[in-house]
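*Asks:* Attaching a single structure in structure tokens format; questions to follow.
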Amino acid sequence: DFVYSWQRTLNPNTKSQYAYLFTGIKNADKINAGKLSPSKLGVSASDSHTFVVHLDEPIAYFKVLMTYPLFSPVSKKVIDKYGSKYATTSEYMVYTGPFKMTGWKGTNDHWSFVKNDQYWDKKKVKLSKINYSVNENPSTILSLYQSKKLDMAQLSSEQIKNFKNSPDYQTVPYSITRFLAFNFKASNSKVRKAMNNKHIRQAISLSIDRKQLINKVIGDASTTPRGFVPTDLAKDPKTGKDFADEAYLKGTVSYDSTEAKKLWKQGMKEIGEKNLSVTLMSTNDNDDKNISEYFQVQLQKELPGMKVNLVNIPDKVAYSRAAKGDFDIYVSGWGADFTDPISHLQVLQSNSGYNYGKWSNSEYDQLIKKAQNQDANNKSKRWNDMIKADQLVVKDAAIAPLYQTNYSFLINPKLKGVIHNTAGTQWNYKTAYLEK
């Protein structure tokens, strides 16, 4: 099952967007590029309980990488049976985890997880059923929680101030950095010229008062960023110091109106322009809409001759446009898939499918390559490669880090044993139970 699953993920016909996480496993990249048959992947099953993986290069974070659901097995028998229907609804799937999904029809907004009686560790699973619902209206969500129809409910920014002192209030950190992505290949030639000017990008980044953005606009427990890689993701193997603190460069992700104006003037002179009109794209959910409106006011106030037009669209449309490079500046973000800085850093490589702005820097690519290849088995050298890479991102203003996400929830005090991860799969209900 594992051999089949990994080969299937890397087969270009599967179109797996996360296939890049297999990089370093023997022949993975060549298979995904269509240059080799999936059967040439460096994996084998020496017996029914042993899975052998061969690597092209050392992967220092291999063990934490294997916790990501992408590497879990799927059933060939079930995929062959259901064909194109596979995974389109809960009935066209099989399950290896503590719960099975029921009642999901592919588009509906509520379903259940029921205890999986074939799970290897089912004795540890206490809940027989979890009801899950999706609702876009924050008032409805709050009302359902208050009428005891929900045991966990996420709060919107507007609701947080009213519930910060509630005994049910909890903040939940997650390793997501929100940032502005600049389009280095923007279709408009004037915008493209501006986005490729380092001083203009730096000016935009320094025009943002991140503390004000968090306190006045977002209003939750989010924190200001130190760089691209979030805090509390990884610690220095030698000193135990946080990666984000070690990589931090003063004056790169802070608010500095005077310096922003100076850099803006310099950059505009370099591209031979007096005015610049850009489109800022974001999703149309409440927080992103508020954030983009804040940027519009702030950038036009701080940078003379700057005009910001807003495009707030449904998230699926925004992601699709971003992937096609159809934007000038995009309110984007990245969440860590596993607890290693490379999870963020590899996204900005020149060849990454998630590098929507198409920033390209050969020194950066080289540092990531070293961290993932020749320095992979030398902990301190690998760490330094990644520190330099993170610093290069903010020095060059490849993106403008905005804030690090902290979600706010109301959680039933009787709900115990829920495991929350700050990277990868966020919630784990295997040991969850409700106190009597």
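*Asks:* Could you go through the stretch 417-425 and let me know if any residue there is of a type outside the set (Lys, Arg) and part of a helix (DSSP H, G or I).
*Replies:* Kept after step one, since they are of a type outside the set (Lys, Arg), are these residues of the stretch 417-425: 417-425.
Restricting the remaining residues to those that are part of a helix (DSSP H, G or I) gives none.
No; the residues of the stretch 417-425 include none that is of a type outside the set (Lys, Arg) and part of a helix (DSSP H, G or I).
*Asks:* Also: So which helices (runs of 4 or more DSSP H) are wholly in the stretch 51-169 and hold at least 3 residues that are not aliphatic (A, V, I, L, M) and not assigned by TED's automatic domain parsing to the domain that holds ALA376?
*Replies:* 76-82, 138-146, 157-163
*Asks:* Across the stretch 253-279, which residue is modelled with the lowest pLDDT among those that are touching a strand residue (DSSP E or B) at 6+ places or on another chain (Cβ under 9 Å) and of a type in the set (Val, Ile, Thr)? Write out each step before concluding.
*Replies:* Here is the first cut: in the stretch 253-279, the residues touching a strand residue (DSSP E or B) at 6+ places or on another chain (Cβ under 9 Å) are 253, 264, 268, 275-279.
From what's left, of a type in the set (Val, Ile, Thr): 253, 278-279.
Working: VAL253: 95, VAL278: 98, THR279: 98.
Step by step, filter the stretch 253-279, then rank; the result is VAL253.
*Asks:* Further question on the same structure: Whether any residue in the stretch 176-185 is surrounded by fewer than 16 Cβ atoms within 10 Å (Cβ to Cβ) and either assigned by TED's automatic domain parsing to the domain that holds GLN426 or within 30 Å of SER350 (Cβ to Cβ) (or both) is what I want to check.
*Replies:* Yes, some residue in the stretch 176-185 is surrounded by fewer than 16 Cβ atoms within 10 Å (Cβ to Cβ) and either assigned by TED's automatic domain parsing to the domain that holds GLN426 or within 30 Å of SER350 (Cβ to Cβ) (or both).
*Asks:* When you scan the stretch 359-371, do you find a residue that is outside any strand (DSSP E or B), in contact (Cβ under 8 Å) with a residue 24 or more places away in the chain and out of contact with any helix residue (DSSP H, G or I) (no Cβ under 7 Å at 6 or more places or on another chain), even just one?
*Replies:* Yes, some residue in the stretch 359-371 is outside any strand (DSSP E or B), in contact (Cβ under 8 Å) with a residue 24 or more places away in the chain and out of contact with any helix residue (DSSP H, G or I) (no Cβ under 7 Å at 6 or more places or on another chain).
*Asks:* Hey, another quick one. Among the residues of the stretch 240-272, how many are among the small types (Gly, Ala, Ser) and over 31 Å from the mean Cα position of the chain (by Cα)?
*Replies:* 1
*Asks:* Conditions first: (1) in contact with a helix residue (DSSP H, G or I) (Cβ under 7 Å, 6 or more places away or on another chain); (2) surrounded by 23 or more Cβ atoms within 10 Å (Cβ to Cβ). SER157 passes all but one, so which condition is the exception?
*Replies:* (2)
*Asks:* Being buried (at least 19 other Cβ atoms within 10 Å of the Cβ), farther than 25 Å from ALA60 by Cβ and hydrophobic (A, V, I, L, M, F, W, C) narrows it down to one residue among ALA318, ALA423; which is it?
*Replies:* ALA318
*Asks:* Mind listing just one residue for me: the one in the stretch 1-35 that is part of a helix (DSSP H, G or I) and among the basic types (Lys, Arg) and, of those, nearest to TYR95 (Cα to Cα)? If you could, list the steps in order and put the result at the bottom.
*Replies:* Going residue by residue through the stretch 1-35, those that are part of a helix (DSSP H, G or I) are 2-10, 12-14, 19-22, 28-32.
Of the ones still in play, those that are also among the basic types (Lys, Arg) are 8, 30.
Values: ARG8: 18, LYS30: 30 Å.
The selected residue is ARG8.
*Asks:* Oh, and also: It is to be established whether one or more residues within the stretch 394-406 are in contact (Cβ under 8 Å) with a residue 24 or more places away in the chain, within 30 Å of LEU150 (Cβ to Cβ), in contact with a Lys or Arg (Cβ under 6 Å, 6 or more places away or on another chain) and surrounded by 15 or more Cβ atoms within 10 Å (Cβ to Cβ). Before the answer, list the steps.
*Replies:* Here is the first cut: in the stretch 394-406, the residues in contact (Cβ under 8 Å) with a residue 24 or more places away in the chain are 394-406.
From what's left, within 30 Å of LEU150 (Cβ to Cβ): 402-406.
Now restrict to residues that are in contact with a Lys or Arg (Cβ under 6 Å, 6 or more places away or on another chain): 402-403.
Of the ones still in play, those that are also surrounded by 15 or more Cβ atoms within 10 Å (Cβ to Cβ) are 402-403.
Checked against the condition, which is being in contact (Cβ under 8 Å) with a residue 24 or more places away in the chain, within 30 Å of LEU150 (Cβ to Cβ), in contact with a Lys or Arg (Cβ under 6 Å, 6 or more places away or on another chain) and surrounded by 15 or more Cβ atoms within 10 Å (Cβ to Cβ), the stretch 394-406 yields at least one hit.
*Asks:* Follow-up. Of the numbered conditions (1) in contact (Cβ under 8 Å) with a residue 12 or more places away in the chain; (2) assigned to a helix (DSSP H, G or I), GLY227 fails exactly one; give the number of that condition.
*Replies:* (2)
*Asks:* Then there is this: Which numbered condition in (1) touching a Ser or Thr at 6+ places or on another chain (Cβ under 8 Å); (2) exposed (fewer than 15 other Cβ atoms within 10 Å of the Cβ); (3) under 25 Å from LYS265 (Cβ atoms) is the only one that SER350 fails?
*Replies:* Among (1) touching a Ser or Thr at 6+ places or on another chain (Cβ under 8 Å); (2) exposed (fewer than 15 other Cβ atoms within 10 Å of the Cβ); (3) under 25 Å from LYS265 (Cβ atoms), the lone unmet condition for SER350 is (3).
The values are calculated or read from the model by the stated rules, or taken from the named source; none is laboratory data. Given the structure is predicted, the values throughout are model-derived calculations rather than measurements. All Cβ positions, glycine included, derive from the backbone under ideal geometry; neighbour counts span all protein chains shown.
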